[in-house]
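The values are calculated or read from the model by the stated rules, or taken from the named source; none is laboratory data. Small disclaimer: the values here were computed from a predicted structure and weren't measured. Cβ sites come from the backbone with ideal geometry, for glycine too, and all protein chains shown count toward neighbours.
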Amino acid sequence: MSWINRFIDSVTDKGKELLQAEDPDRVKGQYSLQEDCSALLTYRGDATALAMAQQILGRYDNSSAEEKLSFFQYLATEMSPDFRYVAELAQKLEQDADSKDYKQLLAALNGGRHMLFELLNIPGSGTQALVKMRTELLDLVPKHPELASVDIDLKTTLEAWFNRGFLEFREIDWHTSADILEKLISYEAVHEIQDWADLKRRLSGDRSCFAFFHPALPDDPLIFVQVGFTEEISDRIDPFLNQEQPVSDPARANTAIFYSISNCQTGLRGISFGNFLIKQVVQHIQKERPQITRFSTLSPIPGLNRAVQKGYLAEDELQQIATPWLTSLNKRYADMPLTELLSERFERLDESHDDTVSFLNELGLHYLTQLKRGEEPYDPVARFHLSNGASIYRINPFGNRKPHGMKSAAGLMVNYLYDLERVEMNHESFKQNGTIDIHPNLTKSKRRLRVLS
């Protein structure tokens with residue numbers, strides 16, 4: 001890609017010369033950013049269009065927050081498709097499928113801001129600039145919902161450029177460039193990397209890290225996954241986060257534990273890389289470490305406490321699950337509403353209390369399988385792994401006793417098992433019927449869930 005970027009840069013330089021001779025006021029910035037965008041759509045010469053696109057990106061980057069909002073509002077209104085014209089063309093096509101009308105329909109839908117984004121994506125720095133632009137747009141959409149259609153067009157442009165065929169798979173180790181390693185520390189979103197010593201331990205012989213990169217951002221990972229190699233399916237996160245944990249013999253390991261997956265680019269939110277990355281990592285591990293035969297995650301359950309506190313879980317079902325636990329608690333809690341009781345005690349749960357452990361197992365599985373967002377699980381991590389064909393293997397009470405783990409999920413974690421013989425079947429069942437595959441070691445809880453549902 002570097003030679004392509006050099007070629008584009010040389011064409012852009014030539015375009016600047018042509019633009020200077022053709023319209024010196026535009027080069028001097030005498031027109032508004034919006035006027036430059038409108039003008040870009042009329043340029044027919046590739047060189048001048050490249051020069052204009054680069055100038056627009058530079059002007060946008062140097063704009064104030066108010067000017068950027070005005071720019072996006074302009075895209076939402078003045079550069080929106082002419083839907084009346086689109087409707088007329090669609091009606092004509094319904095009556096007579098003429099190829100000319102179809103081309104006009106596509107041009108009407110893909111013109112305006114969609115075409116603008118396509119043109120802005122061409123300069124050597126265009127892709128990176130658009131990713132940053134979408135990051136800023138996503139911050140604005142909640143307060144300015146009229147910008148949602150602008151985001152759809154920008155996301156569509158980025159999806160085309162960040163498709164699987166462009167992604168580069170790399171294994172990250174301690175000898176990777178310091179610039180990339182520093183970004184891993186910065187981007188880690190699940191289990192904070194404390195310092196360089198912590199990162200070095202996570203890249204030692206019984207651990208590894210894998211990432212996707214894009215040619216337009218060669219030193220900036222899009223997503224990365226951290227993997228630990230163990231002799232069993234781990235139920236605690238502490239060994240993976242403890243810098244003093246002795247390095248085990250990786251040759252004795254038979255299991256790969258995916259214990260952290262971090263998306264790095266906010267501007268690419270909603271564009272999925274994780275499913276491709278996991279499959280690529282599994283293939284790589286099978287080739288490089290053939291003794292590894294099991295693939296599992298050790299995942300957080302990030303929405304559990306929120307679901308309880310907000311009352312998203314049905315009170316009668318919670319009560320049924322919690323009855324054995326409630327009867328074992330101090331009587332002074334007897335008259336407290338269950339959701340309030342759970343909220344108050346979550347961070348002070350006793351790991352040695354058998355009824356508490358049993359209750360947390362039931363609660364975790366109930367939350368993951370019964371609380372839905374539409375037809376899919378409410379929990380975002382569950383949605384991701386189950387849609388990829390994983391099974392719920394085990395709920396791990398007190399799997400994460402770190403403050404964040406206790407605050408978000410009462411310390412619960414979950415293993416999602418990637419059984420390579422069942423992944424595709426599980427994926428199809430989940431997508432077609434919403435079926436969640438639960439490992440046989442959770443059969444007892446699964447029977448109870450049938451009664452509750």
message: Show the residue pairs meeting these rules: Cβ distance below 7 Å; 6+ apart or different chains; first residue within the range 161-174 and in the same structural domain as LEU268 (by TED's automatic domain parsing) and more than 17 Å from SER272 (Cα to Cα); second residue surrounded by 14 or more Cβ atoms within 10 Å (Cβ to Cβ) and of a type in the set (Ser, Thr, Tyr).
response: GLU171/SER208
Every pair of residues 6+ apart whose Cβ atoms lie under 7 Å, when the first sits in the range 236-250 and is within 13 Å of ARG202 (Cβ to Cβ) and free of Cβ contacts under 8 Å to residues at least 60 places away in the same chain while the second is of a type in the set (Ser, Thr, Tyr) and surrounded by 10 or more Cβ atoms within 10 Å (Cβ to Cβ): PHE240/TYR259; VAL247/SER204
query: Quick one: would you say ILE193 is over 21 Å from TYR416 (Cα atoms) and either basic (Lys, Arg) or surrounded by fewer than 16 Cβ atoms within 10 Å (Cβ to Cβ) (or both)?
result: no
- request: Select, from SER262, SER248, the only residue that is touching a strand residue (DSSP E or B) at 6+ places or on another chain (Cβ under 8 Å), modelled with pLDDT under 95 and more than 30 Å from TRP161 (Cα to Cα).
  value: SER248
statement: Taking the range 118-145 and keeping only residues that are farther than 24 Å from ASP219 by Cβ, assigned to a helix (DSSP H, G or I) and over 18 Å from the mean Cα position of the chain (by Cα), one is left with GLU118, LEU119, LEU140, PRO145
- request: Please specify each residue of the range 169-213 satisfying the condition of being more than 18 Å from the chain's Cα centre (by Cα), assigned to a loop (DSSP other than H, G, I, E, B) and of a type outside the set (Val, Ile, Thr).
  value: ASP173, TRP174, HIS175, SER177, GLN194, ASP195, LEU203, SER204, GLY205, ASP206
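Let's see how each residue does on (1) hydroxyl-bearing (Ser, Thr, Tyr); (2) under 16 Å from GLU118 (Cα atoms); (3) at pLDDT 70 or above:
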site: MET1; (1), (2), (3): no, no, no
site: ASP9; (1), (2), (3): no, no, no
site: GLU17; (1), (2), (3): no, no, no
site: ALA21; (1), (2), (3): no, no, no
site: ASP25; (1), (2), (3): no, no, no
site: CYS37; (1), (2), (3): no, yes, yes
site: ALA53; (1), (2), (3): no, yes, yes
site: SER63; (1), (2), (3): yes, no, yes
site: SER70; (1), (2), (3): yes, no, yes
- prompt: Which members of the range 421-432 meet the condition of being surrounded by 13 or more Cβ atoms within 10 Å (Cβ to Cβ) and either closer than 23 Å to ASP235 by Cβ or more than 23 Å from the chain's Cα centre (by Cα) (or both)?
  reply: ARG422, VAL423, MET425, ASN426
message: Looking at the range 81-107 only, could you name the residues that are crowded, with 16+ Cβ neighbours inside 10 Å and part of a loop (DSSP other than H, G, I, E, B)?
response: PRO81
- request: Search the range 164-187 for residues being surrounded by 16 or more Cβ atoms within 10 Å (Cβ to Cβ) and touching a helix residue (DSSP H, G or I) at 6+ places or on another chain (Cβ under 8 Å), and hand back the single one that is modelled with the lowest pLDDT.
  value: LEU167
- prompt: With the range 300-406 as the region, which helices (runs of 4 or more DSSP H) entirely inside it contain at least 1 residues that are at pLDDT 90 or above, surrounded by fewer than 16 Cβ atoms within 10 Å (Cβ to Cβ) and in contact with a helix residue (DSSP H, G or I) (Cβ under 6 Å, 6 or more places away or on another chain)?
  reply: none
- prompt: Quick one: how many residues across the range 276-292 are in contact (Cβ under 8 Å) with a residue 24 or more places away in the chain and either more than 14 Å from PHE210 (Cα to Cα) or among the small types (Gly, Ala, Ser) (or both)?
  reply: 3
- prompt: How many residues, within the range 409-432, are in a helix (DSSP H, G or I) and out of contact with any Asp or Glu (no Cβ under 9 Å at 6 or more places or on another chain)?
  reply: 7
task: Take the range 214-232 and flag every residue that is in a strand (DSSP E or B) and closer than 21 Å to ALA129 by Cα.
output: HIS214, LEU217, ILE223
query: Which of the residues belonging to the range 433-446 are free of Cβ contacts under 8 Å to residues at least 60 places away in the same chain, surrounded by 17 or more Cβ atoms within 10 Å (Cβ to Cβ) and in a helix (DSSP H, G or I)?
result: none
Candidate set from the range 108-163 (those that are of a type in the set (D, E, K, R) and exposed (fewer than 14 other Cβ atoms within 10 Å of the Cβ)); member that is modelled with the lowest pLDDT: GLU159
- request: Kindly provide the set of residues from the range 262-292 that are among the hydrophobic types (A, V, I, L, M, F, W, C), under 25 Å from ASP206 (Cβ atoms) and outside any helix (DSSP H, G or I), ordered by number.
  value: CYS264, ILE292
